[in-house]
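Peer 1: Here it is, the structure in full.
Derivation of every value follows stated rules applied to the coordinates shown; laboratory data play no part. Note that the structure is predicted; figures quoted are calculated from it, not measured. FYI the Cβ positions are ideal-geometry reconstructions off the backbone, even for glycines, and counts take in every protein chain you see.
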Amino acid sequence: MKTFAKIFILVLLITVPACIRETYDFDKLSKMAHLSPTWVVPAVKGDVSLSDLVEANDTLIFEEDNFVRIIFRENSFIDLKIEDYYDLNDMVSFSETYQLGRMNVSSFSGNISYTLDRITRRLNPALRAQFVALNGTTSAFPSFPVTVLQEGTYSLFPNFEYALFDEGFIDVKVTNNLTAPLQNLSVTLFNTAGHIPVGDPAIIPFINPGETRIASIDLADRTVRNSLSAIVTVSSPGTTSPVYIDLAGSGIEIAVTARDLWVRSGRIVVPPQTISALGGDGVDTIGFDPGSGTQISYISMNRGDLSYTIRSGTELSSILSVTLPTTLKSGLPISNTVALDPNTTVSEKLPVDNSVFDLSTIQDHPYNMIPVKHEITVSSNGRIINFSSHDEVQIDIRFLDPDFDYVKGYFCQETESFGPETFDTEISDIINKISGGLYFSNPVLTFNYSNSFSIPVEVDLRASGYRSAERTDHQLGKISLKFPAGPAERDITGSFVINKTNSTLPDLISMPPDRVILYGTAQMNPVSSVNSPGNYIFGNSRLSASLEIDIPMEIRMNNLQFTDTVGNFLRPDNEDDNQFDPADLDFMQINLYTENGFPAGVSVSLVLYDSEEEINRATVETDEILKPAPVDSEGRVTLPAESTTKIRIGREFWDAVDQSDSIIFVFTMNTTDGGLKDVKIYSDYRIRFTAGLVVKPDLKFKAE
Amino acid sequence: MTRKLCNSLIFLLTLAIANAGAQNSQVLYYMNIPQNHFLNPALRPSNSVYIGLPGISGVNVNINNNFFNFSDIFEVSKQGDSTISLFHPDYDISKFTSKLKDMNYLEPQAAVQLFGLGFSAGRDLYIFLDVNERVEMDLALPGDMLKLAFEGNEQFAGKTIDLNSLRTNVSYYREAGLGFSKDITRILRLGIKGKLLFGVANVSLDNKALSVTVQDDFTHTVDADLMANISAPVGFYMNDDNIIDSVSFDEDRFETTSGISDYLLETGNPGFSLDIGAELRLTEKIHFSAAVTDLGFIKWKRDISNIAAESQFEFSGVDFEDVYNGDKTFEEVGEEILDSLKNSFHMTDSDIPYRTNLPLGVSFGASYSPSGSFTLGLLSYTRITGNQFREALTLSANLNLGNAFSTTLTYTTANYRYDNLGFGLAFRLGFFQFYALADRIPITWNKILNDGESIPLPENFNTIHARLGMNLVFGNNVKRKNDKPMIIFQ
């Protein structure tokens, strides 16, 4: 038995080595080792609502029911004042230069006489002797032929030195104090200086003894000096009956008397006289120039001054009186008197506070004009002055700083531009990276205005939307504004709503633009009513308007893409810093669970881009990481949509990191039902999410 | 010459094989060697006296593991040109992890009998005394932990990583036992052995709770309540964050031989254990036996360090709210989380004495001896460590020839293996009794080539238990029956 046992054991031990299952050559033991466990770790969690991410402010409004609106306001979108349309400050520019014209001067006279003795001395000696013989006797008066009497000189006339008369006469009155009739009497006056005849001779054909006869010399266009002489020629038929012949005691008298004298120029004494017809008819007009096409018929003035400047270009002293007959102050026409010294200028102001100007009284021009009456009294104050009918008086009138109560008239079809007013969304960086379908369903533009122009006004509101280099122009509407019924009603407010029913506003907002520029024009009297000048402008008239763009977050998105390219932040700047070898990672996966309370779904793709080679090195794409939540008929979310997404990033992705210098993110968004219906955004919408990371490193080691 | 050569070969080969052994050898139970009272104090050998000499009478090495073998660690590459380990990229780790159990244990143990004495006193009283030096390690690794290390935690999403059964206990102690066995009745024999235990060093982990729950959303909840108890000349130093900053070994105490011996012979960690056994000889041929062994504990009081770690921590990711509120950046939130994690572990350092229990063994055996020298045996051995029960069932065929030769062939199911063939051999030369046994004889082998040498290794390591030794045995003669029958039928 013992032997058996030993043999049994020995056989067992011998046969054992024959049962070698495997040979392990430890001389060839590989020193490579690796660990590749798959680790999961929660990464990020969140429960965030829209109101957590963004705060309500003046632009982003959360209503009581949490509905979200975006509101842009511009309080002074339009601010047009009178001066933007009309320049009524300086609409009066009156400048007239008046010539004084002829002046009336005082009369002058003189007297010379010839005795019979002087007369007969000019006869032939025989006849002279006859008369001498008959002197003192009563006999028949001998006849004598036409005889030129000795030239006589009148005394100096005191009221002028010389004058060119425009009009006037010198009456030559001859008195025959002889006892015989005279005939063929001619009197010729001469300016002593130069012995220049003055006018035509005065002819008296016959004068009976004791009679006086007058003949006139027309002085028109004649220059008369103040020293005249007369040459008389006379004849007598004698008498048949004896008459007393007195050589010394009888004779003839030649008296000259000027009348109706109007001097054109000269050195004269101008007696005080009023010139009421400056400019011609005595009534002048002051024109108002409010601008082309504007027709003012009435002005009610609060405050203002008529500024006038009168320049005297004469040696006459003047007193100018101006009256505005249709400019009433306290019911009375405004007038003013100004005294001017010779060759002086006077500048003064005439207040026209609380006055009314009626510019409609001139029949042929019932607007923009007021009549002005003016007369001037001139005088040389007894001095001989140089005078010319061309002497001028210049009158300049300005209407300074008028403070109107109101102005009535027709203010034509003035158009003024307003804007451009830029509304910047301040998210151009985002908007310029968006493409695809985005539609804001119901934006509203409210135009609130205050109008104190009692004039029909039509506002043409336009908008241009800009998005990078793209531009679209939209006419948002032509708005006829309400206007007050002047003059009693001074101001009126109103508003106008522009929405999808009356404009292309939704298309503008849905570009979407990174900025919107609003501009337009405001035209007075869009329909010409020149024949019904019932416009009123008040002193403080202005057209102001505020604008409010209300964009309710009622939208639809259909494949709206946001694309952004950033530098590859996964690639370290310094190769030495790169302790991460893609070979160390088998894969990485992001497990994302979301409960999306927003009615919009999002899918993401991430592309590693090599800009040098211009190729995509690797792409990570996901299905919807957020599914859009369902909505009710009003567009409000009913319950959140759950989704679970796994985003796997493999080794090939990490291999591509070093070769790519850019990362392109593309987010694609769709609202509920593929963006075919409107959804509403509320600030209490939430997203709950948890993101976990699944990482499978592939750590390789090599034992030394 | 041939005999000596064979013996030498057997001895050497056995040594080669004996790189492991189970403390409680199923093979040993029915063998006629004095050491079988280790398994059941009611068992007694056939010799009257035995003496065990230090280091010679018994060297026992035992490695049990239930989750890996050599071929699980190494394999030949597919190309066949190299040997790769389980850490090699070409190694399919799932091959290894699929074999992991819920509880994976590794129990290397070693024991050296320093002294043994057993003798019969009177007709049926047997007294025995032995001193053993024992080093035991009990490492229980939850399968989830190993899977976590090799495969990561993804597989645990929606589950709890149950690490409550993580356990470790490394003890180095000396036992001095005194016992006796006696027939209580004609058929019943009882045995009892009390052992004084002297702990030398210990590291044990008291795991009240350790789990990590991973939700479907990857939220991690860590629940930890651990206490590491150490009785050893080491010091732990905490930093301001209450994290162990450094560990130092008190080398000064071991610079001299006396220092070493003082440390080894210190009795500052006392303990006690009890072995109780019974044998019921139902008939001459049919015997039943039962035993409870190592019912005891050690109180560790010397060079104590207790490191307690408690944590209740939940990590569900960075809360985005802090980021979008602008209060914090991602980096700051991440740092806060790490700080919370660190701070969630409340570590305390104390020096409170503690107690460890010995692994309890419960045996039930039944044998049938169709003849006086041949016995068929059935043995159930249950090892209870904490809440862990491990069962081994052994069928044995035992041959005992004149108390001079004893051999046993066993078949054991244990450690999830059903191919454990064990063999034991004991033979006596005069009063020198040599024995060697192995609970599992490797049927299949692997060959290791290293530096020109070829080393055979068993293919499977699940149960490696070998014991060998030499006893001095006296009083080995088999008593013949010399009484006459009372009734003679003619």
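Peer 1: What nm value, rounded to one decimal, do you get for the distance between B:Met238 and A:Ile196 when each label is placed 7 Å out toward the C-beta?
Peer 2: About 14.1 nm separates the two model spin labels.
Peer 1: Would you mind putting A:117-128, A:52-63 in packing order, based on average other-beta-carbon counts within 10 Å, highest first?
Peer 2: Ranking, from highest mean packing down: A:117-128, A:52-63.
Peer 1: Residue by residue through B:447-459, how many Cβ atoms from other chains fall within 10 Å of the Cβ on average?
Peer 2: Shielding by partners across B:447-459 averages 4.
Peer 1: Also: Averaged across B:70-77, how many Cβ atoms of other chains sit within 10 Å of each residue's Cβ atom?
Peer 2: Across B:70-77, the average partner-chain Cβ count within 10 Å equals 3.
Peer 1: While we're here: Between A:Phe206 and A:Ser321, what is the FRET efficiency for a Förster distance of 56 Å, r being their Cβ-Cβ separation, to the nearest 0.05?
Peer 2: 0.60
Peer 1: Over the stretch A:73-223, what is the mean sequence separation of C-alpha contacts under 8 Å (at least six apart), divided by residue count, expressed as relative contact order in percent?
Peer 2: 21
Peer 1: Next question. Which residues among the stretch A:95-127 fall inside the zone where the amide N is under 18 Å from a point 7 Å beyond the Cα of A:Glu392, along Cα→Cβ?
Peer 2: The answer is A:95-102, whose backbone nitrogens lie closer than 18 Å to the label point.
Peer 1: What aspartates and glutamates does A:Lys408 reach when the alpha-carbon gap must be under 13 Å and sequence neighbours fewer than 8 apart in one chain are set aside?
Peer 2: Leaving aside aspartates and glutamates fewer than 8 places away in the same chain, those within reach of A:Lys408 are A:Asp358.
Peer 1: A:Ser241 to A:Ser495: extension gain in nm, 0.36 nm per residue of separation minus the Cα-Cα distance?
Peer 2: Taking A:Ser241 through A:Ser495 to full extension adds about 79.9 nm, to one decimal.
Peer 1: If each DSSP helix of 4+ residues adds -39,500 (n - 2.57) and the sum is divided by the residues in chain B, what number results at 222 nm, nearest 500 deg cm²/dmol?
Peer 2: -3500 deg cm²/dmol
Peer 1: Label A:Ser113 and B:Phe288 with points 7 Å out from Cα along Cα→Cβ: what is the distance between them in nm?
Peer 2: Once both label points are built, they end up 20.7 nm from each other.
Peer 1: Using DSSP loop states and a limit of at most 10 other Cβ atoms within 10 Å to flag GluC sites (Glu not before Pro), what is the longest stretch of chain B containing no flagged site?
Peer 2: Segment B:1-254 is the longest.
Peer 1: List, in the order given, every pair from B:Lys101/B:Lys299; B:Lys182/B:Lys301; A:Lys702/B:Lys159; B:Lys159/B:Lys208; A:Lys702/B:Lys147; A:Lys433/A:Lys677 whose Cα-Cα distance in the structure shown is over 27 Å.
Peer 2: Correct reply: B:Lys101/B:Lys299; B:Lys182/B:Lys301; A:Lys702/B:Lys159.
Peer 1: Separate question: Place the peptides B:302-309, A:149-156 in order of packing, highest mean first, counting for every residue the other Cβ atoms within 10 Å and averaging per peptide.
Peer 2: B:302-309, A:149-156
Peer 1: Could I have the simple spin-label model distance between B:Phe364 and B:Ser350, label points 7 Å from Cα toward Cβ, reported in nm to one decimal?
Peer 2: 4.1
Peer 1: Moving on to the next point. Using DSSP to call loops (not H, G, I, E or B), can you name the trypsin sites (Lys or Arg not before Pro) in the stretch B:99-190 whose Cβ has at most 10 other Cβ atoms within 10 angstrom?
Peer 2: Answer by residue number: B:Arg123, B:Arg186.
Peer 1: Now for a separate question. Please average, across the residues of A:46-56, the number of beta carbons from any other chain that are within 10 Å of each residue's own beta carbon, and give a whole number.
Peer 2: Per residue, the average neighbour count from other chains is 2.
Peer 1: In addition: Divide by every residue of chain A the summed helix terms, -39500 (n - 2.57) for each DSSP H run of at least 4, and state the resulting mean residue ellipticity at 222 nm, rounded to the nearest 500 deg cm²/dmol.
Peer 2: Computed ellipticity for chain A at 222 nm equals -2000 deg cm²/dmol.
Peer 1: I've got another one for you. R0 = 60 Å: FRET efficiency of A:Arg383 with A:Lys478, Cβ-based, nearest 0.05?
Peer 2: Once the sixth-power term is evaluated, E becomes 0.25.
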